[in-house]
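Participant: The structure follows.
The values are calculated or read from the model by the stated rules, or taken from the named source; none is laboratory data. Keep in mind the model is a prediction, meaning the values are calculated, not measured. Virtual Cβ from ideal backbone geometry, glycine too; neighbours counted across all protein chains shown.
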């Protein structure tokens, strides 16, 4: 009885502590720099437009959900650095929570799931993207939620009611995920295959046919409906969109039926697709080819400034305050680079899981590897894939949704008794690396030598 | 112990989200427009700050036909920037019919250019230029 009470208390206390700890570690210097970091110049301003007019003004290259979320923070806290970063902070904490909940589906107890959440909380990619108003942390929250639902369904495939609920959870999560960034569609495709295989194994006869059909409907129609629904405000306020303004000017056609609005939505989606197809970043030192993510050797610098004495003369309302308290010659920079312990332990665990997947037919290993493959693979295959016929450089922060997968892989390996002794080593090394690299994740001014000492990717 | 009822959890979550959405809608700031102009101006001046330095030394740049040097007189530097790129330089209707949104207005107005003659200081070290954005 006492044991059950303790367990129930831990069921609440552990996730609450994880979320609060994550928030507490990310709050300091959240408003520094008090200027746009990297692509915030797009998303914060787009979100400002959404708050003001309901739709973005123009130049939109991703669906609206992330900007709606950023707009929520701006609505609550004003158009300030804290306001446009608040949603990322909340969603970054949710990524940690969902990783913990996903880990609870594959390992017993609270300690290892807490370690999984902790690995995500203390990783540099999760940490930096969880503090800036860019879209990758929002993709991560929806993809991690979907992963949680899939692992929950596979934990007891015979519980048909729970499997159905999990399918709905995946459909809603990834509908929102695709409405944040199209990459989530690859994860949805993988989840559809997972559930079809699950039903093929567990059901038989007519029941199997019904289950397969229901799965296909839930995992295609629901996400598609959610995607279109996220454009409902866009279609209602279409006269304020650039595409409609141009249409009105050129065609003298300024009143829109429902059919017209859907046609303009289609045109806008084609425009986004064309932009993404044509986007090449090979002249950008901040980008890398996807295979280079493995070594983290070309991380994206989101912000960098060398502090000179003249900056002290900047009036408070004009200063970005990034150099406050700095000595002359100090550098402040924010680099989206992984915590090396989390990253390399995750990759090493992936190799072990590959062995278990191939030789032991371990379902959890297969699922986790599939989640990794469908998020990394499209970028790796990009040069030969039908959706892009040229090299597409990518930014290190695109791997934000992959970090929870790596944390779960590490946790799955550490759950084996043979690796019990590694757990405290990984935990302690992760914390130590987090403390050491924290300055280049939050933009704390340091001397050039101190900054250079943290550029571990330049060592190879 | 009765079994957990997912429907009740879903209803609870929906209620919490509805309350949160209502709270967000209710506490909007009336000064949002001005805040956005101020933030855009700060971004602009942050970009020009980085344009005005190379490594830990200052270099000249040109903006709107004038030459600026942070190292010579920082107070005058920021006074001039406030005049040219203060919040009023970023009216919210500036790019009403643009497909590029307001971000490219910031980039265009805040990049500066090299002065026609050589810089007054010599360069001994260099650091990365301000991060290039992706929008990818």
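Participant: Can you tell me which residue in the range A:413-427 is farthest from the chain's Cα centre (by Cα), limited to those that are closer than 17 Å to residue A:365 by Cβ and not in a helix (DSSP H, G or I)?
Facilitator: For the range A:413-427, the residue satisfying everything is A:416.
Participant: Continuing with this model, one more query. Scan A:329, A:350 and give me the residue that is farther than 30 Å from residue A:273 by Cβ, surrounded by fewer than 23 Cβ atoms within 10 Å (Cβ to Cβ), touching a helix residue (DSSP H, G or I) at 6+ places or on another chain (Cβ under 8 Å) and at pLDDT below 95.
Facilitator: Values: A:350 fails: at pLDDT below 95.
Sole residue among the options that is farther than 30 Å from residue A:273 by Cβ, surrounded by fewer than 23 Cβ atoms within 10 Å (Cβ to Cβ), touching a helix residue (DSSP H, G or I) at 6+ places or on another chain (Cβ under 8 Å) and at pLDDT below 95: A:329.
Participant: Does residue A:320 satisfy the condition of being in contact with a strand residue (DSSP E or B) (Cβ under 7 Å, 6 or more places away or on another chain), touching a residue at least 12 places away in the same chain (Cβ under 8 Å) and within 13 Å of chain B (Cβ to nearest Cβ)?
Facilitator: Working: in contact with a strand residue (DSSP E or B) (Cβ under 7 Å, 6 or more places away or on another chain): no; touching a residue at least 12 places away in the same chain (Cβ under 8 Å): yes; within 13 Å of chain B (Cβ to nearest Cβ): yes.
For residue A:320, the condition - in contact with a strand residue (DSSP E or B) (Cβ under 7 Å, 6 or more places away or on another chain), touching a residue at least 12 places away in the same chain (Cβ under 8 Å) and within 13 Å of chain B (Cβ to nearest Cβ) - is not met.
Participant: I'd like to check something: does the range A:84-100 contain any residue that is surrounded by fewer than 24 Cβ atoms within 10 Å (Cβ to Cβ) and over 16 Å from the mean Cα position of the chain (by Cα)?
Facilitator: no
Participant: Scan the range A:443-450 and give yes if some residue there is closer than 17 Å to residue A:126 by Cβ and touching a strand residue (DSSP E or B) at 6+ places or on another chain (Cβ under 6 Å), otherwise no.
Facilitator: Kept after step one, since they are closer than 17 Å to residue A:126 by Cβ, are these residues of the range A:443-450: A:443.
The next check asks that each one be touching a strand residue (DSSP E or B) at 6+ places or on another chain (Cβ under 6 Å); those that pass are A:443.
Taking every residue of the range A:443-450 in turn, at least one turns out to be closer than 17 Å to residue A:126 by Cβ and touching a strand residue (DSSP E or B) at 6+ places or on another chain (Cβ under 6 Å).
Participant: Spot the failing condition for residue A:81; the list is (1) touching a helix residue (DSSP H, G or I) at 6+ places or on another chain (Cβ under 7 Å); (2) facing chain B (nearest Cβ under 10 Å); (3) at pLDDT 95 or above; (4) crowded, with 24+ Cβ neighbours inside 10 Å, and only one is missed.
Facilitator: (1)
Participant: Considering each residue of the range B:45-82, count those that are more than 8 Å from every other protein chain (Cβ to nearest Cβ), assigned to a loop (DSSP other than H, G, I, E, B) and surrounded by 20 or more Cβ atoms within 10 Å (Cβ to Cβ), and give that number.
Facilitator: Of the residues in that region, 2 qualify.
Participant: Kindly provide the set of residues from the range A:230-257 that are within 24 Å of residue A:176 (Cβ to Cβ) and without any contact (Cβ under 8 Å) to a residue 12 or more places away in the chain, ordered by number. It would help to see each step written out before you state the result.
Facilitator: Kept after step one, since they are within 24 Å of residue A:176 (Cβ to Cβ), are these residues of the range A:230-257: A:230-238, A:240-241, A:243.
If the condition is that a residue be within 24 Å of residue A:176 (Cβ to Cβ) and without any contact (Cβ under 8 Å) to a residue 12 or more places away in the chain, then A:232 is the only one that fits.
Participant: If you don't mind, another one. Taking the range A:283-294 as the region of interest, how many residues are surrounded by fewer than 22 Cβ atoms within 10 Å (Cβ to Cβ) and away from every other protein chain (no Cβ under 13 Å)?
Facilitator: 4
Participant: For the range A:66-78, give me each residue that is more than 10 Å from chain B (Cβ to nearest Cβ) and surrounded by fewer than 23 Cβ atoms within 10 Å (Cβ to Cβ).
Facilitator: Here is the first cut: in the range A:66-78, the residues more than 10 Å from chain B (Cβ to nearest Cβ) are A:66-70.
Correct list: A:68 only.
Participant: Hey, among A:374, A:358, A:405, which residue is surrounded by 20 or more Cβ atoms within 10 Å (Cβ to Cβ) and farther than 30 Å from residue A:30 by Cα?
Facilitator: Numbers: A:358 fails: surrounded by 20 or more Cβ atoms within 10 Å (Cβ to Cβ); A:405 fails: farther than 30 Å from residue A:30 by Cα.
The match here is A:374.
Participant: Here is a check on your reading of the model: is residue A:156 in contact with a strand residue (DSSP E or B) (Cβ under 9 Å, 6 or more places away or on another chain) and either without any contact (Cβ under 8 Å) to a residue 60 or more places away in the chain or buried (at least 16 other Cβ atoms within 10 Å of the Cβ) (or both)? Reasoning before the result, please.
Facilitator: On the way: in contact with a strand residue (DSSP E or B) (Cβ under 9 Å, 6 or more places away or on another chain): no; either without any contact (Cβ under 8 Å) to a residue 60 or more places away in the chain or buried (at least 16 other Cβ atoms within 10 Å of the Cβ) (or both): yes.
When the stated conditions are applied, residue A:156 does not pass them.
Participant: What's the total number of residues in the range A:295-317 that are over 16 Å from residue A:454 (Cα atoms), more than 7 Å from chain B (Cβ to nearest Cβ) and in contact with a strand residue (DSSP E or B) (Cβ under 7 Å, 6 or more places away or on another chain)?
Facilitator: The total comes to 1.
Participant: Kindly indicate whether any position in the range A:330-349 is touching a strand residue (DSSP E or B) at 6+ places or on another chain (Cβ under 7 Å), within 8 Å of chain B (Cβ to nearest Cβ) and assigned to a loop (DSSP other than H, G, I, E, B).
Facilitator: no
Participant: Let me spell it out: the conditions are (1) surrounded by fewer than 15 Cβ atoms within 10 Å (Cβ to Cβ); (2) under 26 Å from residue A:362 (Cα atoms); (3) at pLDDT below 95, and residue A:193 meets all of them except one. Which number is the exception?
Facilitator: (3)
Participant: For the range A:125-141, which residues satisfy the criterion of being over 12 Å from residue A:96 (Cα atoms), part of a helix (DSSP H, G or I) and out of contact with any strand residue (DSSP E or B) (no Cβ under 7 Å at 6 or more places or on another chain)? Show your work before the answer.
Facilitator: Step one: list which residues in the range A:125-141 are over 12 Å from residue A:96 (Cα atoms), which gives A:125, A:128-129, A:131-136, A:138-139.
Right, trim to part of a helix (DSSP H, G or I) and you get A:125, A:128-129, A:136, A:138-139.
A:136, A:138, A:139 - these are the residues of the range A:125-141 that are over 12 Å from residue A:96 (Cα atoms), part of a helix (DSSP H, G or I) and out of contact with any strand residue (DSSP E or B) (no Cβ under 7 Å at 6 or more places or on another chain).
Participant: Do we find that residue B:32 is modelled with pLDDT under 90, within 7 Å of chain A (Cβ to nearest Cβ), surrounded by 16 or more Cβ atoms within 10 Å (Cβ to Cβ) and touching a helix residue (DSSP H, G or I) at 6+ places or on another chain (Cβ under 7 Å) in this structure? Steps first, please.
Facilitator: Working: modelled with pLDDT under 90: yes; within 7 Å of chain A (Cβ to nearest Cβ): yes; surrounded by 16 or more Cβ atoms within 10 Å (Cβ to Cβ): yes; touching a helix residue (DSSP H, G or I) at 6+ places or on another chain (Cβ under 7 Å): yes.
Judged against the criteria, residue B:32 is a match.
Here's the yes/no breakdown for (1) within 14 Å of chain B (Cβ to nearest Cβ); (2) touching a helix residue (DSSP H, G or I) at 6+ places or on another chain (Cβ under 6 Å); (3) touching a residue at least 40 places away in the same chain (Cβ under 8 Å):
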| site | (1), (2), (3) |
| --- | --- |
| A:10 | no, no, yes |
| A:14 | no, yes, yes |
| A:18 | no, yes, yes |
| A:24 | no, no, no |
| A:27 | no, no, yes |
| A:39 | yes, no, yes |
| A:44 | yes, yes, yes |
| A:51 | yes, yes, no |
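Participant: Here is a further query. Limited to the range A:211-237, what total is found for residues that are farther than 30 Å from residue A:66 by Cα and in contact with a helix residue (DSSP H, G or I) (Cβ under 9 Å, 6 or more places away or on another chain)? Don't jump to the end; show me each part of the working.
Facilitator: Step one: list which residues in the range A:211-237 are farther than 30 Å from residue A:66 by Cα, which gives A:211-213.
Now drop any that are not in contact with a helix residue (DSSP H, G or I) (Cβ under 9 Å, 6 or more places away or on another chain), which leaves A:211-212.
Within the range A:211-237, residues that are farther than 30 Å from residue A:66 by Cα and in contact with a helix residue (DSSP H, G or I) (Cβ under 9 Å, 6 or more places away or on another chain) number 2.
Participant: Here's something else I'd like to know. Within the range B:83-92, is there a residue that is out of contact with any strand residue (DSSP E or B) (no Cβ under 9 Å at 6 or more places or on another chain), at pLDDT below 80 and facing chain A (nearest Cβ under 7 Å)? If you could, list the steps in order and put the result at the bottom.
Facilitator: Applying the first criterion (out of contact with any strand residue (DSSP E or B) (no Cβ under 9 Å at 6 or more places or on another chain)) to the range B:83-92 yields B:83, B:86-92.
From what's left, at pLDDT below 80: B:92.
Then drop every residue that is not facing chain A (nearest Cβ under 7 Å), which leaves none.
No, the range B:83-92 contains no residue that is out of contact with any strand residue (DSSP E or B) (no Cβ under 9 Å at 6 or more places or on another chain), at pLDDT below 80 and facing chain A (nearest Cβ under 7 Å).
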